[in-house]
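The values are calculated or read from the model by the stated rules, or taken from the named source; none is laboratory data. The shown structure was predicted, so the numbers you read here are calculated from the model rather than taken from an experiment. In this analysis, Cβ positions are derived from the backbone assuming ideal geometry, glycine residues included, and neighbour counts consider all displayed protein chains. Please note that ligands, DNA and RNA were not included when accessible areas were found on the heavy atoms of the full protein model with its side chains. Shrake-Rupley method; radii C 1.70, N 1.55, O 1.52, S 1.80 Å.
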Amino acid sequence: MLAALSPSAVVIRFRPIARDRLEYHANLAKIESGRFGLSVFADTSKDDEDLDATTERLLRAAEVDINKAMNPWYLRCPAASDLIGHGFTFWKDGNPGEIEEHYSVDIGVERPILDIRHVDLFVEAFSYRGSWS
């Protein structure tokens, strides 16, 4: 289901982030769901949270789905608008147990074949790399 995510939402992504692996996973998602989806975690800042506090909250939420030992690094996009501006859309998979903060980003921009330039635009939106404690 298409999700109405705020353009100001913080977005984090775990591996893979290499261009060829993202292309592979987006194409696999297309076969499974009909969309060139890449998994992210996103939410808007709450009350007095700054960017780092929101990121920490997203990391805690992601622990439900992500194995920290296998994924020590994350990437952060400070505003979903950086992705939405390229025509990318956020979707809820609707899988049992999907947490509120989990989304799939459709980077296909309504095309039948994935354009590798869209993979590059996706990666470029993530300007910060960090490790979670």
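Where does each of I116, I12 land when they are ordered by accessible area, with a 1.4 Å probe and the largest first? Write down the numbers at each step before the final one.
Working: I116 50, I12 0 Å².
Of I116, I12, the descending order of accessible area is I116, I12.
Applying 1/(1 + (r/R0)^6) with r as the Cβ-Cβ distance of S6 and N71 and R0 = 25 angstrom yields a FRET efficiency of 0.50. Ligands, DNA and RNA aside, L114 has an accessible area near 20 Å² when probed at 1.4 Å.
With each run of n ≥ 4 DSSP H residues scored as -39500 (n - 2.57), what mean residue ellipticity at 222 nm is computed for the chain after dividing by its residue count and rounding to the nearest 500 deg cm²/dmol?
Mean residue ellipticity at 222 nm (helix-derived): -9000 deg cm²/dmol.
Placing unit charges on each Cβ (+1 for Lys and Arg, -1 for Asp and Glu) gives segment 5-94 a dipole about its Cα centre, and among A53, I17, T89 the Cα reaching farthest toward its positive end belongs to I17. Inter-part distance, segment 20-71 to segment 104-123, computed on C-alpha centroids, equals 16 Å.
Rounded to the nearest whole Hz, the Karplus-based 3J(HN,Hα) values (6.51 cos²θ - 1.76 cosθ + 1.60, θ = phi - 60°) of segment 86-93 follow the sequence 8, x, 6, 10, 9, 10, 9, 6, with x at glycine and proline.
With both labels modelled 7 Å from their Cα along Cα-to-Cβ, the H86 to D47 distance reads 3.5 nm.
Which value, in Å², gives the accessible area per residue of segment 14-111 when a 1.4 Å probe is used on the protein heavy atoms?
54
Among the protein heavy atoms of the chain, carbon and sulfur supply 52% of the accessible surface, probe 1.4 Å, non-protein parts ignored.
Would you work out the Kirkwood radius for the chain? I mean one over the mean of 1/r across all pairs of different Cα atoms, in Å. Each step should come with its number before you reach the end.
Working: mean 1/r = 0.0675 Å⁻¹.
Result for the chain, one decimal place: 14.8 Å.
Working from label points 7 Å from Cα in the Cα-to-Cβ sense, the S39 to I17 distance is 1.7 nm.
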